[in-house]
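Asks: Structure incoming, see below.
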Amino acid sequence: MNPAEDDVAVDITEGVRERLLLEEPVYLVTSVHDTEASSADLSRYARHRWIAGCDRCRAHLLRQCALAGFTPKIAFITDDYVAVQALVAADLGVSTLPALCLRAARHPGVKTVPLPGTRRYVFAVRYGDPPDPPAVQLLMTVLRTAAVPPQRASSNLAEEVVRLQLPGAAG
């Protein structure tokens, strides 16, 4: 085999389609003991220790802090948002978390303030030409419903299943 043949670039994005499932605010997360938490001015937290998340979340945190004029002193790294809140509640640092993480589990020892102009976007990525098969359509509906806060979510998934006419859905 010719080594040059191994170097052929393949466009992995061909046939990939994205759909926005969720756009949500990101919050500054501080301890209930923090007296500065009424403001989302990150520069006030330049001297604090920070708790960062996964690579993507950490990169977002670094960008937000850079915009506020400082580099955060990251003391802990975890992608477990429950652990992040526990560390914050124990006064071991401050962090940022998207709304969905706070909806899923909320530690009573934390305060949150929305960060103006900061959003998280969650996409579903599908492969292949439209239209999506009925099972994928249903999965997209379930994901969109789960992503919407309860007061706005449509709870009528049964009607959607029937509408998509999945085998066994009408029974």
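Asks: Seen from all sides and averaged, what is the projected area of the convex hull of the Cα atoms in segment 24-152, in nm²?
Replies: 9.3 nm²
Asks: Shifting gears a bit: Given the Cα-Cα distance of residue 46 and residue 32 and 0.36 nm per residue of separation, how much length would full extension add, in nm?
Replies: Additional length available on full extension: 3.2 nm.
Asks: Could you give the nm distance between label points at residue 14 and residue 56, where each point is 7 Å from its Cα heading toward the beta carbon?
Replies: Between residue 14 and residue 56, the simple spin-label model gives 2.5 nm.
Asks: Would you mind checking which residues have amide H under 5 Å from residue 74's amide H? H placed 1.01 Å from N; only 5 or more apart, or other chain.
Replies: Distant-sequence amide H within range of residue 74: 50.
Asks: Over 15 Å apart: what share of the alpha carbon pairs of segment 88-128 falls there, rounded to a whole percent?
Replies: The answer is 54 percent, as a whole percent.
Values quoted throughout were computed directly from the atomic coordinates according to the rules given, and no laboratory measurement underlies them. As the structure is a prediction and not an experimental result, all values here were calculated from the model. All Cβ positions, glycine included, derive from the backbone under ideal geometry; neighbour counts span all protein chains shown.
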